[in-house]
Protein chains: 2
Amino acid sequence: MNQIQELRQREDRGLYQVAPEPEITSPKGFSAAGVHCGMKRRRNDIGLIFCDVPASTAAVYTMNGFQAAPLQVTRQGLAVEGRMQALLCNSAIANACTGEKGLEDALEMRKKTADSLGLSEHLVGVASTGVIGEFLPMERINRAIPALTGGLSAEGCGDFSQSILTTDTFTKNAAVVLTVEGKEVRIAGTAKGSGMVHPRMATMLAFLTTDAVIAPESLQELLHEVTDETFNMITVDGDCSTNDMVSVMASGKAGHSPLTPNHPDWPAFRRGFAHVARELAQMIARDGEGATRLVEVRVTGADTLTEARQAAKAVVGSSLVKTAIYGADPNWGRIICAIGYSGAAVDPSTIDIFIGETGVVQKGRVAAFDEEEARSCLQREKVLLTVDLNRGNHEATAWGCDLTYDYVRINASYRT
Amino acid sequence: MNQIQELRQREDRGLYQVAPEPEITSPKGFSAAGVHCGMKRRRNDIGLIFCDVPASTAAVYTMNGFQAAPLQVTRQGLAVEGRMQALLCNSAIANACTGEKGLEDALEMRKKTADSLGLSEHLVGVASTGVIGEFLPMERINRAIPALTGGLSAEGCGDFSQSILTTDTFTKNAAVVLTVEGKEVRIAGTAKGSGMVHPRMATMLAFLTTDAVIAPESLQELLHEVTDETFNMITVDGDCSTNDMVSVMASGKAGHSPLTPNHPDWPAFRRGFAHVARELAQMIARDGEGATRLVEVRVTGADTLTEARQAAKAVVGSSLVKTAIYGADPNWGRIICAIGYSGAAVDPSTIDIFIGETGVVQKGRVAAFDEEEARSCLQREKVLLTVDLNRGNHEATAWGCDLTYDYVRINASYRT
């Protein structure tokens, strides 16, 4: 509901400001580059983020049992001291399900980048997205690395954002600015979503940067928490890729004393960080394959946070709800049904459901509502569904998109 | 794989025979009827199954938190003594999310049927499928009940099977015959699937009959076990309705000594029972909305039965796998990805994947396979995917269908 969004904005007001030009190189210490090395036909397909100093770094990875080689390499590097100074990412080929050779290739990418920048290997992260089961063209990649390291600049952020896309229809960037101990701190991020390539594996990647001073442990805890309420609350088609990763690098160049949850400016940093993550997550959902609308499902009044999240995800993930939204059909039966099988404790006699601002179910029974009004709420660019379980005090929001003919077309067309 | 199916058939051979004319009135003691009372435009919309004697009965119900009124009434009746003598089912209106009034209506349906047949109320079960949130037209239903009780016959099974359909495209029936202590025993069943009506809530109903002698407790245990390996292993779109129910009534008229798991003929009865349930489950999957193909996914070599089931259901339920099958695209990356996020323990270096008989992945790596051959396996009426995790000794099979333009069309078109 708009009311709820307004409430959130009011709470956040003054804690941070949305940066007019969202660039991952806007936090102090960062530069970036992106080039075309020949895996895609024309667009940039490999990019690099660099930090002047070893940045305090946190990362979360896919829960998929078949974790791609680059994720294994990045995880191992970060385990050394929780710091990263460069992150190399390619699109078009995922380097997943590639066995020993894939692992060697990911290690080679890392080594070549480290050598070119004069860094220890463990300070370089790698990520890949694209086709699974194919090997990386290492010669092309090795030729691209000097071009990337030599071309690093503050203006390279756009090239980088482009280089990580697969069939995304737009680049995804967000940034905020806030103050810690009176000093300006920036948080920025770029992401790619469920655009697909042959064989069309959806992969979500998000890379955040900040010049805040924060230890890897605090950053990791924050990233976990915020990922659970943002990136983990989006669904396009329920499939979870082998290559998903979210990372955040903190240069520490803002020069304040280290942030921890006890720091008086922690709320501002946490909310600003969550804002960037939420914006990127919503952009990924909005750019879901074939999507025509962003769908936001808010569940309130749940007994527990887990149940609120389960319920919100069940509704936003339901194929029947997704097709009803595509058809602008105020089909509350499908919403209540998804809530019912979500695993959340529910009481049929207390549930309220809103489509936009239109109450369609009150206390578990259909309300006398104007179908045309509800229908028009479903035709907006951003569709809001609100479910109040009227039981407890927990709430959660999930994001997704509608299910359209284009989703079937994109995913059913034979690889060429 | 065909090999596995052959194995299963060989194991089952001689234990039971498939009945050439699958009719729920073929077990001794049963009659049925179905009529049109005006909820649907023309087709039968209300039906009755009757047993000469109070049948030993078992039932399983939807796990959805919003269980429809008729299910609550049936469950309460069966709790009295585990017997049922009549089962009334209407289509078109689900009597779900209808509050106190809905419960009163379900109780009235039951009372009117019991009175008309001269039975105690707890011996009558009720079921409904169709629109949720609307009230039943009780006058029409009350007028139909005498027509149903007066019209019961062995030939009424076809009318009954039709009366429970919503937008199913065909009636679903299966039956077997076997011997217990040298006496002929029949097991039959009829079902409806995910055809949808305004507002298109998918509901699965299956009603089985048998003349075997078996106590309610043994029957309930068997039904639970078999439901877990059949009806609970199908998915059309992952949504689970408020009205799902499977019941089995045993008249005991075959005249052998009571069946329990210790009876020497138990294996024949169990396998025959599972055959009927499996056939009905497959028909429901095949008749999924917009489906052009039945998909069978078999997972072997899992550490546990639960993991085998999780993995098989993840593959058959993946929108990306379903669209790839619609497009006849041998896209093994999507299969391995679904296995990866299923929650089953996996080892990337041991997994084998077959599309039909074509090995596409060997030990976690793409095999040198003929794409055209794999493609042709995906163009069959029944598509078989086999995944061998090569870890343990557990296996499971799940059924579903492809995801097509018609699924989106059927579910996105505005209710009229």
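For the stretch B:257-274, give me the residue count where each residue is more than 25 Å from the chain's Cα centre (by Cα) and buried (at least 18 other Cβ atoms within 10 Å of the Cβ). Working first, answer last.
First, pick out the residues of the stretch B:257-274 that are more than 25 Å from the chain's Cα centre (by Cα): B:257-258, B:262-264.
If we keep only those that are buried (at least 18 other Cβ atoms within 10 Å of the Cβ) as well, we get B:263.
Qualifying residue count for the region: 1.
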Expected single match for assigned by TED's automatic domain parsing to the domain that holds B:Thr166, closer than 23 Å to B:Asn232 by Cα, modelled with pLDDT of 95 or more and among the hydroxyl-bearing types (Ser, Thr, Tyr) among B:Thr74, B:Thr113, B:Thr62 is B:Thr74
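Just checking, does the stretch B:337-357 include any residue being assigned to a helix (DSSP H, G or I) and either under 19 Å from the mean Cα position of the chain (by Cα) or polar (S, T, N, Q) (or both)? Can you show your working first?
First, the residues of the stretch B:337-357 that are assigned to a helix (DSSP H, G or I): B:337-341.
Going one step further and asking which of them are either under 19 Å from the mean Cα position of the chain (by Cα) or polar (S, T, N, Q) (or both), we end up with none.
The answer is no; no qualifying residue exists.
Filter the stretch A:37-59 down to the residues that are touching a residue at least 12 places away in the same chain (Cβ under 8 Å) and not in a strand (DSSP E or B), then identify the one that is surrounded by the fewest Cβ atoms within 10 Å (Cβ to Cβ).
Ranking the candidates gives A:Arg43 first.
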Could you tell me whether the stretch B:240-256 includes any residue that is touching a residue at least 60 places away in the same chain (Cβ under 8 Å), crowded, with 23+ Cβ neighbours inside 10 Å and in a helix (DSSP H, G or I)?
-> no
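Among the residues of the stretch B:356-368, are any within 30 Å of A:Phe135 (Cβ to Cβ), acidic (Asp, Glu) and within 11 Å of chain A (Cβ to nearest Cβ)?
Step one: list which residues in the stretch B:356-368 are within 30 Å of A:Phe135 (Cβ to Cβ), which gives B:356-368.
Subset that is acidic (Asp, Glu): B:357.
Next, from what is left, pick out any that are within 11 Å of chain A (Cβ to nearest Cβ): none.
Looking for residues that are within 30 Å of A:Phe135 (Cβ to Cβ), acidic (Asp, Glu) and within 11 Å of chain A (Cβ to nearest Cβ), one finds none in the stretch B:356-368, hence no.
Take the stretch A:365-377 and flag every residue that is assigned to a loop (DSSP other than H, G, I, E, B) and either under 16 Å from A:Asn331 (Cβ atoms) or touching a strand residue (DSSP E or B) at 6+ places or on another chain (Cβ under 8 Å) (or both). Break it down into steps so the answer makes sense when it comes.
So in the stretch A:365-377, the residues assigned to a loop (DSSP other than H, G, I, E, B) come out as A:367-370.
Of everything in the stretch A:365-377, those that are assigned to a loop (DSSP other than H, G, I, E, B) and either under 16 Å from A:Asn331 (Cβ atoms) or touching a strand residue (DSSP E or B) at 6+ places or on another chain (Cβ under 8 Å) (or both) turn out to be A:Ala367, A:Phe369, A:Asp370.
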Sort out which residues of the stretch A:117-138 are free of Cβ contacts under 8 Å to residues at least 60 places away in the same chain and among the β-branched types (Val, Ile, Thr), and write them in order of number.
-> A:Val124, A:Val126
Any idea which residue in the stretch A:325-336 is farthest from the other protein chains (Cβ to nearest Cβ), counting only those that are part of a helix (DSSP H, G or I) and without any contact (Cβ under 8 Å) to a residue 24 or more places away in the chain?
-> A:Arg334
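Going by the structure shown, is B:Gly156 assigned to a helix (DSSP H, G or I), touching a strand residue (DSSP E or B) at 6+ places or on another chain (Cβ under 8 Å) and buried (at least 24 other Cβ atoms within 10 Å of the Cβ)?
Criteria met by B:Gly156.
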From (1) over 30 Å from A:Asp347 (Cβ atoms); (2) within 14 Å of another protein chain (Cβ to nearest Cβ); (3) not small (Gly, Ala, Ser), pick out the condition that doesn't hold for A:Val276.
-> (2)
How many residues are under 13 Å from the mean Cα position of the chain (by Cα) and assigned to a loop (DSSP other than H, G, I, E, B) when one looks only at the stretch A:206-239?
-> 3
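Which count do you get for residues in the stretch A:281-308 that are touching a His at 6+ places or on another chain (Cβ under 9 Å) and closer than 18 Å to A:Ile353 by Cα?
Filtering the stretch A:281-308 down to residues touching a His at 6+ places or on another chain (Cβ under 9 Å) leaves A:299-308.
From what is left, the residues that are closer than 18 Å to A:Ile353 by Cα are A:299-303, A:307-308.
Within the stretch A:281-308, residues that are touching a His at 6+ places or on another chain (Cβ under 9 Å) and closer than 18 Å to A:Ile353 by Cα number 7.
Identify, please: which residue in the stretch B:299-324 is outside any helix (DSSP H, G or I) and under 15 Å from B:Thr235 (Cβ atoms) and is, among those, nearest to the other protein chains (Cβ to nearest Cβ)?
Step one: of the stretch B:299-324, the residues outside any helix (DSSP H, G or I) are B:299-304, B:318.
From what's left, under 15 Å from B:Thr235 (Cβ atoms): B:299, B:318.
Numbers: B:Val299: 13, B:Ser318: 6 Å.
The extreme case among them is B:Ser318.
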Would you check which residues across the stretch A:121-164 are aromatic (Phe, Trp, Tyr), more than 18 Å from the chain's Cα centre (by Cα) and more than 14 Å from every other protein chain (Cβ to nearest Cβ) and list them?
-> none
So which residues in the stretch B:393-406 are modelled with pLDDT of 95 or more and either surrounded by fewer than 16 Cβ atoms within 10 Å (Cβ to Cβ) or more than 21 Å from B:Gln310 (Cα to Cα) (or both), if there are any at all?
-> B:Asn393
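Does B:Lys183 meet the test of being within 14 Å of chain A (Cβ to nearest Cβ), surrounded by fewer than 24 Cβ atoms within 10 Å (Cβ to Cβ) and among the charged types (D, E, K, R)?
On the way: within 14 Å of chain A (Cβ to nearest Cβ): no; surrounded by fewer than 24 Cβ atoms within 10 Å (Cβ to Cβ): yes; among the charged types (D, E, K, R): yes.
So B:Lys183 does not fit the description; no.
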Residue ID - surrounded by the fewest Cβ atoms within 10 Å (Cβ to Cβ), chosen from residues in the stretch A:92-110 that are modelled with pLDDT under 95 and in contact with a Gly (Cβ under 8 Å, 6 or more places away or on another chain) = A:Gly99
By residue number, the members of the stretch A:337-381 that are free of Cβ contacts under 8 Å to residues at least 40 places away in the same chain, over 22 Å from B:Met63 (Cβ atoms) and of a type in the set (Phe, Trp, Tyr) are A:Phe369
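Would the stretch A:121-137 turn up any residue that is surrounded by fewer than 19 Cβ atoms within 10 Å (Cβ to Cβ) and assigned to a helix (DSSP H, G or I)? I'd like the intermediate steps shown before the answer.
Just the residues of the stretch A:121-137 that are surrounded by fewer than 19 Cβ atoms within 10 Å (Cβ to Cβ), to begin with: A:121, A:135, A:137.
Right, trim to assigned to a helix (DSSP H, G or I) and you get A:121.
Scanning the stretch A:121-137 turns up at least one residue that is surrounded by fewer than 19 Cβ atoms within 10 Å (Cβ to Cβ) and assigned to a helix (DSSP H, G or I).
Just a yes or no: is a residue in the stretch A:64-80 among the small types (Gly, Ala, Ser), part of a loop (DSSP other than H, G, I, E, B), out of contact with any helix residue (DSSP H, G or I) (no Cβ under 7 Å at 6 or more places or on another chain) and buried (at least 24 other Cβ atoms within 10 Å of the Cβ)? Walk me through it before giving the result.
First, the residues of the stretch A:64-80 that are among the small types (Gly, Ala, Ser): A:65, A:68-69, A:77, A:79.
Filter once more, so that each one left must be part of a loop (DSSP other than H, G, I, E, B): A:65, A:68.
If we keep only those that are out of contact with any helix residue (DSSP H, G or I) (no Cβ under 7 Å at 6 or more places or on another chain) as well, we get A:68.
So of that shortlist, the ones also buried (at least 24 other Cβ atoms within 10 Å of the Cβ) come out as A:68.
Yes - at least one qualifying residue is present in the stretch A:64-80.
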Going by the structure shown, is A:Arg409 within 14 Å of chain B (Cβ to nearest Cβ), at pLDDT below 90 and not in a loop (DSSP other than H, G, I, E, B)?
-> yes
Any hit, the stretch B:329-342, residues being surrounded by fewer than 24 Cβ atoms within 10 Å (Cβ to Cβ), of a type outside the set (A, V, I, L, M) and at pLDDT below 90 = yes
Give the residue that is farthest from the chain's Cα centre (by Cα), with candidates limited to residues of the stretch B:384-400 that are within 14 Å of another protein chain (Cβ to nearest Cβ) and either without any contact (Cβ under 8 Å) to a residue 12 or more places away in the chain or assigned to a strand (DSSP E or B) (or both).
-> B:Val387
Among the residues of the stretch A:222-273, count how many are touching a Pro at 6+ places or on another chain (Cβ under 7 Å) and either farther than 30 Å from A:Thr203 by Cβ or of a type in the set (Asp, Glu) (or both).
-> 0
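The values are calculated or read from the model by the stated rules, or taken from the named source; none is laboratory data. Keep in mind that what you see is a predicted model, and the values were worked out from it rather than measured. No Cβ is skipped: glycine too gets one built from the backbone with ideal geometry, and neighbour counts run over all protein chains shown.
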